[in-house]
1. Add +1 for every Lys or Arg and -1 for every Asp or Glu among the other residues with Cβ under 15 Å from the Cβ of GLY130, and state the total.
2. Calculate the FRET efficiency for THR66 and HIS113 from the Cβ-Cβ distance with a Förster distance of 30 Å, rounded to the nearest 0.05.
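What follows is calculated from the coordinates using simple rules that are stated; it is not laboratory data. Predicted, not measured: the structure shown is a model, and the values here were computed from it. Backbone-built Cβ (ideal geometry, glycine too); neighbour counts: all protein chains shown.
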Amino acid sequence: MAGTLSRSGAAVGACVMTLAAVLTACGNSGSGSVGTGTTSSASPSPSSSPSSSPSASGKPMGTTVTVQMTEYKLTLSSKTFKSGDYTFVAENKGHIAHSLEVEGQGGDVRLPHDLAPGQSAQLRVTLKNGSYELYCPVDGHKDLGMKTDITVGGATGGS
């Protein structure tokens with residue numbers, strides 16, 4: 001019977017360790033990546049470009065660009081863009097919920113949920129040469145000025 005208990009205990013221990021690994025892989029560490037609360041993985045919209053990939057580790061992909069969101073403005077830490085992989089770090093510095101969407105070159109990608117004030121999240125995108133619009137998809141925020149245009153492979157614009 002002692003052998004059975006030892007094997008059962010080992011099996012329970014293995015299950016607990018596996019569950020802990022799965023929860024850690026879901027990014028529930030408070031590091032500020034996309035998802036529930038302030039952490040999780042990005043869920044790409046169906047599109048060919050820009051593309052998005054999950055961020056279980058929270059590690060930035062390619063070039064990191066901070067996007068500060070306030071009532072009703074987006075401020076990007078970079079003004080020039082070359083084609084390649086980017087991690088847009090969306091930081092809600094405002095007093096109401098905001099989100100981030102990147103649209104252009106035949107596709108769009110957005111954060112899977114809104115960010116409460118003080119939250120941040122990562123949106124991974126592969127940009128090709130051409131024009132893109134970054135904006136807050138929360139109802140009416142884009143029309144209130146929470147948008148900016150960028151050109152990949154050339155000069156940027158703004159609004």
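1. Working: positive: LYS82, LYS128; negative: GLU103, ASP108, GLU133, ASP149.
Charge balance near GLY130 sits at -2.
2. 0.95
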